[in-house]
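Take a look at the structure below.
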Amino acid sequence: MLIFATKIERNINLLCTSMNIYRNIKELPNFKNAVITIGSFDGVHVGHQKILSRVKSLASEIDGESIVITFYPHPRKVIDPKESDVSLLNTLDEKLMLLDHFGIKNVVVVPFTFEFSRQDPREYIENFIISSFSPKYIVIGYDHRFGLNRSGHIDLLREYEKSAGFQVIEIYKQEIEEIAISSTKIRKALLEGNVEDANLFLKGFYLLTGKVIHGDKLGSKLGYPTANLQIAEKEKLIPKEGVYAVKIDVENITFEGMMYIGKRPTVTNQNVANIEINIFDFNQNIYDKIIQIHILKYLREDIKFENLDGLKTQLRKDEIEAIKVLEEINNNKKKDPLVSLVILNFNGLELLESYLPMLDYSSSKYEFNIVVIDNKSTDDSVAYIREWHPEIEIVELSKNYGFAEGYNKGLKDVITEYIVLLNSDVLVTENWLDPIIEAFEKNLSLGVAQPLILSQEEKNKFEYAGAAGGYLDILGYPFCRGRVFNSIETNIGQYNSDAEIFWASGAAMICRTKLFKALGGFDDAFLPIRRKLIFVGGQNWLDTKCML
């Protein structure tokens, strides 16, 4: 057993550091503007993450608190104790750590008892939901059931909206079915050794958590000492028997290694599978410590060897293969996005269909993500994005806040270095962002910028609202480089130079995120940012244009 490593990294992913956890429903605080969701959230996979994102965005919008209500033990174990087919992707502690990682501020773990399950649905709503949480929003699936014999349903909850002062946000059938499909696919993939597919649905690595216990020291004799893992919850799904490349968290430090799951056919005939982890470059006693295993890739099936020498030879091959896999994964690890391209949308389905596809790959060589802030559209904008652009993050606001307040509320949880405010009818040129971001990176005094903006109707002329950057005259009247009153210039390269300007067009504006937030964002009653900022547009941006 080991704890000195040549390669270590701090584990910041799975530590419950900022989330409040409540296990006694009689001792809950008075939550402020509570936004709640209820469910098992087993796996906390991509389908669940969409619901969590909705809860977080609503809480941020109303300056409230995000709350996940979950149950322990699993309701199926209580309602039907003879039920043996309960296979969980998370232990409770794993679930709590993942919920913390995904930004939930409060989790209430309800002790699920037979008596709790016998509540009349109205009693459940009045004495549990309303009395304990006084929610402003309840985010649940269309088929959510609760109370005695699961007879409570979403329409019954809606009967209380007016009197209790909350709004039910329905997670529609397609999303609920996606969650069920994702859970089934994750379980199937893990049992087949297809870890990569399972991790795609999890949007992370499958996790095993357990205590290190004593074994028979055979690994040490073979030159591969192992930590024998004991899983506390028997319902936890254990992947297919075999050998895996893994990462291991020991006391908040991450190591690399390989893991064996199996019945050790070469040396024993046991009925229960062992879980043994060989941690590379590691040499300290960790008996009785809780460690976490992130499973990266399945390497091979369990094999019965003729003798221990054959097993030792194979372990050396496994080590070489695991190191190779770990290096590939580390080298290919996607970087956190530097830039968020943010589009404010209201009933803009046709524009999104036309312009979104152009943003995905052509905007920048830098890592970026795309965020659509939806101002309570009544068309199929959100459904279109979910179906055709699932990689895009959607922030759904509860009403139409307009331009300024819509951006302010929708940008609260954006944490990238830069934000790009982009109209949904903007046609960008390839890699248009790169010279702008490079200018920001080189000059820390730059706060906000815009590129040259041309008209789509007359492509050789500047666009009226933004042109090549804005000014104010002595009377406070706004005008642009490239446009004064209704006189719009033809672009002949006359503004291909850096210039300090007074305002930038919201049609295509780039800003440091911390600066935007420090200044309070947009004035809710007036579109421009509240103070004079530095804007640039430059000679290095000859091919940096947007067209409206």
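What follows draws every value from the coordinates through simple rules; no lab data is involved. Everything quoted here is computed from the prediction, not taken from an experiment. Cβ sites come from the backbone with ideal geometry, for glycine too, and all protein chains shown count toward neighbours.
Nothing charged except the Cβ atoms of Lys and Arg (+1) and of Asp and Glu (-1): what's the magnitude of the dipole of the chain about its Cα centre? Round to the nearest 20 debye.
Dipole magnitude for the chain comes out near 1240 debye.
Helix check for the chain. Which DSSP H runs span at least 24 Å along their own axis by Cα, with a mean Kyte-Doolittle hydropathy no less than -1.0?
Helix filter hits for the chain: 173-191, 308-332.
Under 17 Å Cα to Cα from Lys26, which aspartates and glutamates show up? Leave out anything in the same chain fewer than 8 places away.
Straight-distance partners of Lys26: Glu115, Glu123, Glu126.
Rounded to whole Å and ordered largest first, report the semi-axes of the equivalent ellipsoid of region 376-459 derived from its Cα gyration tensor (root of 5λ).
Equivalent-ellipsoid dimensions as semi-axes: 26, 18, 14 Å.
Only counting other Cβ atoms within 10 Å, I'd like Val371, Val139 sorted with the fewest neighbours first.
Val371, Val139
In Å and from the alpha-carbon atoms only, list the Rg and Dmax of region 339-547.
My reading of the Cα-based Rg and Dmax gives 16.3, 50 Å.
Step by step: find N for region 420-499, compute 2.2 N^0.38 Å, then divide the Cα radius of gyration by it. What's the final number?
Relative to the rule-of-thumb radius for its length, region 420-499 sits at 1.16.
At each listed q (0.10, 0.13, 0.15, 0.21 Å⁻¹), what is the log10 of I(q)/I(0) that the Debye formula gives for region 31-173 modelled as equal alpha-carbon point scatterers?
-0.32, -0.56, -0.76, -1.49
From the alpha carbon gyration tensor of the chain, can you work out the equivalent ellipsoid semi-axes (sqrt of 5 times each eigenvalue) and give them in Å, largest to smallest?
Gyration-tensor ellipsoid for the chain: 49, 33, 19 Å.
Which of the aspartates and glutamates could a cross-linker span from Lys297 if the Cα-Cα distance has to be under 18 Å and same-chain partners fewer than 8 positions apart are dropped?
Within reach: Glu192, Glu196, Asp197, Glu241, Asp249, Glu256, Glu276, Asp318, Glu319, Glu321, Glu327, Glu328.
Along the positive direction of the dipole of the chain (beta-carbon charges: Lys, Arg +1; Asp, Glu -1; about the Cα centre), which of Leu411, Met97, Gln450 reaches farthest?
Result: Met97.
Give the lysines reachable from Lys304 as a straight Cα distance under 22 Å; neighbours fewer than 8 places away on the same chain don't count.
Excluding near neighbours in sequence, the set is Lys217, Lys221, Lys240, Lys263, Lys312, Lys317.
Suppose we take every Cα in region 364-406 and form the convex hull; what volume per residue is that in Å³?
90
Taking a 24 Å limit on the Cα-Cα distance, which of the listed pairs Lys56/Lys173; Lys56/Lys247; Lys50/Lys211; Lys56/Lys95 fall beyond it?
Flagged as over cut-off: Lys56/Lys247; Lys50/Lys211.
Cross-chain or 8 or more residues apart, Cα under 22 Å: how many lysine pairs in region 339-547 fit that? Count them up, please.
Close lysine pairs under the 22 Å cut-off: 22.
Could you pull out the chymotrypsin sites (Phe, Trp or Tyr not before Pro) across region 446-526 that fall in loop regions by DSSP (anything but H, G, I, E, B) with no more than 10 other Cβ atoms inside 10 Å? Present the calculation step by step, with values, prior to reporting the outcome.
On the way: sites: Phe462, Tyr464, Tyr471, Phe479, Phe485, Tyr495, Phe502, Trp503, Phe516, Phe522, Phe526; in loops: Tyr464, Phe485, Tyr495, Phe502.
Loop-located and lightly packed - Phe485.
If you filter region 71-164 for trypsin sites (Lys or Arg not before Pro), then keep DSSP loop positions with at most 10 other Cβ within 10 Å, what is left?
Lys82
Which of the trypsin sites (Lys or Arg not before Pro) found in region 307-379 are in a DSSP loop and have at most 11 neighbouring Cβ atoms, other than their own, within 10 Å?
Hits after loop and neighbour filter: Lys333, Lys334, Lys335, Lys365.
Based on C-alpha coordinates, I'd like the Rg and Dmax of region 278-435, in Å.
Calculated on Cα positions, Rg and Dmax stand at 24.0, 73 Å.
Tell me the relative contact order for the chain as a rounded percent, counting alpha carbon contacts under 8 Å between residues six or more apart.
About 12 percent, as a whole number.
Okay, helix-only estimate at 222 nm for the chain: each DSSP H run of n ≥ 4 adds -39500 (n - 2.57), divide by all residues, round to 500 deg cm²/dmol; what do you get? Numbers along the way, then the final one.
Values: 15 runs with 146 residues, N = 548.
Rounded to the nearest 500, the figure is -7500 deg cm²/dmol.
Among Leu472, Ser362, Leu422, which residue has its Cα positioned farthest towards the positive end of the charge dipole of region 339-547, with +1 placed on the Cβ of Lys and Arg, -1 on the Cβ of Asp and Glu, and the dipole taken about the Cα centre?
Sorting the options by dipole projection puts first Leu472.
As a footprinting exposure proxy, order Met19, Met358, Met509 by other Cβ within 10 Å, with the fewest listed first.
Met358, Met19, Met509
Test of understanding: ordering Val395, Val78 by Cβ neighbours within 10 Å, fewest first, what list do you get? All intermediate terms of the calculation are to be shown ahead of the outcome.
On the way: Val395 26, Val78 18.
Fewest to most other Cβ atoms nearby, the residues stand as Val78, Val395.
Dipole size in debye (nearest 20) for region 303-377 around its Cα centre, Lys and Arg Cβ +1, Asp and Glu Cβ -1?
Details: 10 positive and 13 negative charges, 41 e Å.
Dipole about the Cα centre, nearest 20: 200 debye.
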